[in-house]
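The values are calculated or read from the model by the stated rules, or taken from the named source; none is laboratory data. What you are looking at is a predicted structure, and each value in this text was computed from that prediction instead of being measured. Don't worry about glycine lacking a Cβ; one is built from the backbone with ideal geometry, like all the others, and counts go over all protein chains shown. The accessibility values were calculated without ligands, DNA or RNA, using every heavy atom of the protein model including side chains. Shrake-Rupley method; radii C 1.70, N 1.55, O 1.52, S 1.80 Å.
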Amino acid sequence: QVQLVESGGGLVRTGGSLRLSCAASGSFFRINAMGWYRRAPGKQRELVATITSGGSTKHADSVKGRFTISRDNAKNTVYLQMNSLKPEDTAVYSCNAMAISITTRVEQNYWGQGTQVTVSS
């Protein structure tokens, strides 16, 4: 099993910056791909960015050029640097990871509880 804990959310004004962190812990051999998703009030959850274990990244068009996903494999942590924040970025941001569980020996998908990001005008 894998536990993911997000941190770094908060309230920021338009144009400001935040850095989200997601630390993984538990019984796993390796964490493969990781990603960030977000769900705004009244909307479906959407993919924000993904990163492979080797560092290859993809970002949604809505955040490209403003957000940057990265990871520190030694710390089992993924980050999301968010710059030039807009009110439409307001959402609960959740961390996702594909990991090989020691218990099951199978790659499984795990989710964190999420962290609130609020951007005011």
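Looking across S62, S101, one residue alone is at pLDDT below 95 and among the hydroxyl-bearing types (S, T, Y). It is S101.
If only residues of region 1-16 that are assigned to a strand (DSSP E or B) and among the small types (G, A, S) are counted, the one that is nearest to the chain's Cα centre (by Cα) is S7. The set of residues in region 22-31 being on the phi < 0 side of the Ramachandran plot and in a strand (DSSP E or B) consists of C22, A23, A24, S25, F28, F29, R30, I31. For region 32-40, the count of residues that are part of a loop (DSSP other than H, G, I, E, B) and closer than 15 Å to G10 by Cα is nonzero.
With respect to the conditions (1) within 12 Å of C22 (Cα to Cα); (2) free of Cβ contacts under 8 Å to residues at least 40 places away in the same chain, N96 lacks only one, and its number is (2). Residue under question is R19, and the condition is that it be over 27 Å from S121 (Cβ atoms), in a strand (DSSP E or B), open to solvent by 40 Å² or more (accessible area, probe 1.4 Å) and touching a residue at least 60 places away in the same chain (Cβ under 8 Å); does it hold? It is false that R19 is over 27 Å from S121 (Cβ atoms), in a strand (DSSP E or B), open to solvent by 40 Å² or more (accessible area, probe 1.4 Å) and touching a residue at least 60 places away in the same chain (Cβ under 8 Å).
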